[in-house]
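S.K.: Sharing a structure below in structure tokens format, with a few things to ask.
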Amino acid sequence: MLSKIPKVLHDFRGIPMISSVINNALKLNPEKLILVLGYKSKQVKEVILNHGNLGNVDFVYQKKQLGTGHAISVALPNLTQINGDVIVLSADVPLLSSKTLKKLLQRHKKGNFSATMLTTIMNNPTGYGRVLRDKEKKCSILGIVEQKDALPEELEIAEVNTGTYAFRTAFLRENLPKLKNNNAQNEYYLTDIFKLAICNKKLIGSIQAKNTKEVMGVNTPEDLKNLELS
């Protein structure tokens, strides 16, 4: 972001970007809100605490950024008393609406899925993980491949993973410890949990966001400006 300010604290339509995400999460009336903090965590936490009524909120700390799977693993001990479903959100996706989140959760519950992902179709999917599907069974998800690990033909796939998911808590407890970091970035990818689900013949689902801009993340000042104008 070419700034000393943590990315998630950059102003988006008058409030910090992360506050937009928190506002939409709170509209789902969650039993618990868990915020995983890493870079400049003290500064980020201070802004969040000024947000207002957060309900039942926990702060957990990812001292080393070892991937999305590791981030959720850090939060896992705070889910010991929770037996329902968990929605995973990214703090740099400020346009994602509570309406879309409710549809994701409804799809997850109706399908009785262990894991459900929010996807979208992009004209230029560069940088995003591609959704792999069975060519004969188009509705069947085979997994997600990250940009750096994708084969040339996989890079041509237009359907991408948005980084927003719904999981059964019990499924996370069972499978997060099984994640490996043998990939191009030596990170623990949360997306690999879908491979584990497939291997264990668990039901997984998806729902597609029609508005691509709604699910786009912010990585540069230009991204932020473009989304603000959306």
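Rule-based calculations on the coordinates, nothing more; no lab input. Source: prediction; values computed, not measured. In this analysis, Cβ positions are derived from the backbone assuming ideal geometry, glycine residues included, and neighbour counts consider all displayed protein chains.
S.K.: Express the relative contact order of the chain as a whole percentage, based on alpha carbon pairs under 8 Å and six or more residues apart in sequence.
M.R.: Reported relative contact order: 25 percent.
S.K.: May I ask you to order 68-78, 177-187 by the average number of other C-beta atoms within 10 Å around their residues, highest value first?
M.R.: Top of the packing list down: 68-78, 177-187.
S.K.: With unit charges on the beta carbon (Lys/Arg positive, Asp/Glu negative), name the residue among PHE12, GLN65, PRO177 whose Cα is farthest towards the positive pole of the charge dipole of the chain.
M.R.: PRO177
S.K.: Here is a follow-up. Grab the Cα-Cα distance for ILE15 and LYS213, subtract it from 0.36 nm times how many residues apart they are, and report the gain in nm with one decimal.
M.R.: Going from the current span to full extension adds 69.4 nm.
S.K.: Sticking with this one: Explain nothing, just the number: relative contact order of the stretch 18-103, from Cα pairs under 8 Å at least 6 residues apart, as a whole percent.
M.R.: Here the relative contact order equals 43 percent.
S.K.: Hey, of (1) -0.29; (2) -0.40; (3) -0.35, which did the structure itself give for log10 I(q)/I(0) by the Debye sum over Cα atoms at q = 0.09 Å⁻¹ when calculated?
M.R.: (3)
S.K.: Output wanted: per-residue J couplings in Hz (rounded whole) for the stretch 41-50, from phi through Karplus 6.51 cos²θ - 1.76 cosθ + 1.60, θ = phi - 60°, x for Gly and Pro.
M.R.: 4, 4, 5, 5, 4, 4, 5, 5, 5, 7
S.K.: What is the set of long-range amide H partners of LEU33 at a cut-off below 5 Å, with H atoms built 1.01 Å from backbone N?
M.R.: Correct list: ASN56, VAL57, ASP58.
S.K.: Ok, one more. What residues qualify as long-range amide H neighbours of LEU142, i.e. H under 5 Å apart, gap of 5 or more or another chain, H built at 1.01 Å from N?
M.R.: LEU132, ARG133, ASP134
S.K.: Using a 10 Å cut-off on Cβ atoms, rank the peptides 51-59, 15-23, 112-120, 154-162 from the highest mean neighbour count down.
M.R.: My ranking of the peptides, most packed first, is 112-120, 15-23, 154-162, 51-59.
S.K.: Additional query: Which of GLN208, LEU95, GLN106 sits farthest toward the positive end of the charge dipole of the chain, with +1 on the Cβ of Lys and Arg and -1 on the Cβ of Asp and Glu?
M.R.: Going by the Cα projections, it comes out as GLN106.
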